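Take a look at the structure below.
The values are calculated or read from the model by the stated rules, or taken from the named source; none is laboratory data. Everything numeric here is computed off the predicted structure, so don't read it as measured data. Please note: Cβ atoms are built from the backbone with ideal geometry, for glycine as well, and neighbour counts cover all protein chains shown.
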Amino acid sequence: MGKIGTRTGVAALALLSLAVASCASGKATGGDAGAGAAAGGDGVTTGPGVTATTITVSALTDLTGPYASFGKSQTQAQQLYFDQVNAGGGVCGRTYELVVRDHGYDTQKAVAAYTEVAPKSAAIVQFIGSPMITALKQRIDGDKLLTIPMAWATTLLGSRAIQVTGTTYDVDMINAVEFLTKEKGIRSGDKIGHLYFEGDYGESSLDGSKYAAGKLGLRIVEQKIKATDQDMSAQVAAFKAAGVKAVLVSVGPRQTASLVGVSLAKGMDVPFVGSNSAYAPQLLATPAGPALLKDFYYVSAGTPVSAQNPGMQRLVADYQAKYPGQTLDSGIPTGWSAAMIVDEAMKKACAAKDLTREGVLNAHRSQSSFGGDLGTPMDFTFFDKPASRSSYVLKPDKAALGGAVVFREAAVSELAKDYPVPVG
């Protein structure tokens, strides 16, 4: 999961979803003003979630499940963003209202929450979980409701209404494999392990690792687990028996801690590279901390909160002032970025005097260069490919804000440039 006020720049770690039949090229197109549209006294046509004084946006998040720490920081960062916009006068003469619903990473709860908030929302500014979004993507697309997922599976590509931010999991893994070959001594003929969750997240990541391995003459040793699995001892034993020279990690933070800790304890001293959802700074305080500091990395389209640039430093200072003592992690820039994406769409839609859902989508899909201090540049004018193919390589660091630093600046690997990303 990861890209992040008053902010000078942004880029998000990322989502785009289901195909619109009328847009065979994958480019954004216009349409009608939308059901329930009405012209206000200011000449702005409005749709669901927009009144004369308020723009309601919703967050469908995880505050009690496996991504609760990210959900909390993302939601708090978004509340901070909208509070700052409101303090500055709002947008289009209206203030934002953020409605938050916790689905606990449960698909049924997520569907129920969407059913409740969608009719009264102008946008979904945060939606955690590719399984949840997959279950709803046809409805989201039909509702023309701009939605920013906190998930990066390729199954979410193809929808005009769903914006995958930054890279997808498979692109990150392609960049990760090339990083291993260039900087960690992995060469043709070697075996690389890949621990991954069943479902969209893991399968999308595996698509990328297998593509890169095929191009580079490597062999992927697969170990698939469920999100409820906690002890990775059996998977470590399988990797060790296969003689892997490195391991890719597309699971949650708890499984990452078990994998890396058990591996070193069992004498399997190899580099590990995780997807952006595989690491959380809280892991450094666990027994697995020393192992993670040794030779673990993760890839992301978003910069870490330790980045020394004006936008990130201002965001961190503002966040700490509003939420003193709270953990700093990648959820902060990710949540902030998503809020900024929605806000920019609302501003453009207001300028066109069209705050219907169609108007908001048209405004959003007109943005061809969105980026800045918080991540890699993104192009929102298409929705059948990732908004970015550039990944940072990040490394845990106990002394750094947010527990991570940039190990390698953002780059697009040669393999990722021409990779045919699957859609839907």
Yes or no: VAL236 β-branched (Val, Ile, Thr), assigned by TED's automatic domain parsing to the domain that holds LYS266 and farther than 28 Å from LYS385 by Cβ? yes
Going through segment 191-236 in order, the residues found to be outside any strand (DSSP E or B) and among the β-branched types (Val, Ile, Thr) are THR228, VAL236
Identify the residue in segment 211-220 that is under 27 Å from the mean Cα position of the chain (by Cα) and buried (at least 17 other Cβ atoms within 10 Å of the Cβ) and, among all such residues, is farthest from SER263 (Cα to Cα). TYR211
Between a residue in segment 270-284 that is over 26 Å from ALA242 (Cα atoms) and any residue that is assigned to a strand (DSSP E or B), which pairs come within a Cβ distance under 7 Å, given they are 6 or more apart or on different chains? PRO281/ALA404; LEU284/PRO396
Within segment 226-238, is even one residue buried (at least 24 other Cβ atoms within 10 Å of the Cβ), under 22 Å from VAL421 (Cα atoms) and of a type in the set (A, V, I, L, M)? no
Please work out if ALA338 is surrounded by fewer than 23 Cβ atoms within 10 Å (Cβ to Cβ), modelled with pLDDT of 95 or more, within 27 Å of VAL50 (Cα to Cα) and not assigned by TED's automatic domain parsing to the domain that holds ALA288. no
Among the residues of segment 112-134, are any surrounded by fewer than 21 Cβ atoms within 10 Å (Cβ to Cβ) and at pLDDT below 95? yes
Those residues that are surrounded by fewer than 24 Cβ atoms within 10 Å (Cβ to Cβ) and among the β-branched types (Val, Ile, Thr), I need them from segment 156-209; list them, please. THR181, ILE186
When segment 290-319 is examined, which residues are found to be assigned to a helix (DSSP H, G or I) and either in the same structural domain as SER73 (by TED's automatic domain parsing) or crowded, with 19+ Cβ neighbours inside 10 Å (or both)? ALA291, LEU292, PRO310, GLY311, MET312, GLN313, ARG314, LEU315, VAL316, ALA317, ASP318, TYR319
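Each row is one residue, and each column tells you yes or no for (1) small (Gly, Ala, Ser); (2) at pLDDT 95 or above; (3) under 30 Å from ALA317 (Cβ atoms); (4) surrounded by fewer than 18 Cβ atoms within 10 Å (Cβ to Cβ).
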position	(1), (2), (3), (4)
PRO66	no, no, yes, no
ALA87	yes, yes, yes, yes
VAL91	no, yes, yes, no
ASP102	no, yes, yes, no
Within segment 185-203, tally of residues that are charged (D, E, K, R) and under 24 Å from THR155 (Cβ atoms): 3
Restricting to segment 153-190, name every residue that is among the charged types (D, E, K, R) and either part of a helix (DSSP H, G or I) or touching a strand residue (DSSP E or B) at 6+ places or on another chain (Cβ under 8 Å) (or both). ASP170, ASP172, GLU178, LYS182, GLU183, LYS184, ASP190
Would you confirm whether or not segment 346-359 contains a residue that is part of a strand (DSSP E or B) and not small (Gly, Ala, Ser)? yes
Matching residues in segment 366-389 (in contact with a strand residue (DSSP E or B) (Cβ under 8 Å, 6 or more places away or on another chain), in a loop (DSSP other than H, G, I, E, B) and buried (at least 23 other Cβ atoms within 10 Å of the Cβ)) number 5
Let me spell it out: the conditions are (1) over 25 Å from GLY402 (Cβ atoms); (2) hydrophobic (A, V, I, L, M, F, W, C); (3) within 26 Å of the chain's Cα centre (by Cα), and LEU283 meets all of them except one. Which number is the exception? (1)
Extreme residue, nearest to the chain's Cα centre (by Cα), among residues of segment 113-163 that are among the polar types (S, T, N, Q) and farther than 19 Å from ASP384 by Cα: GLN126
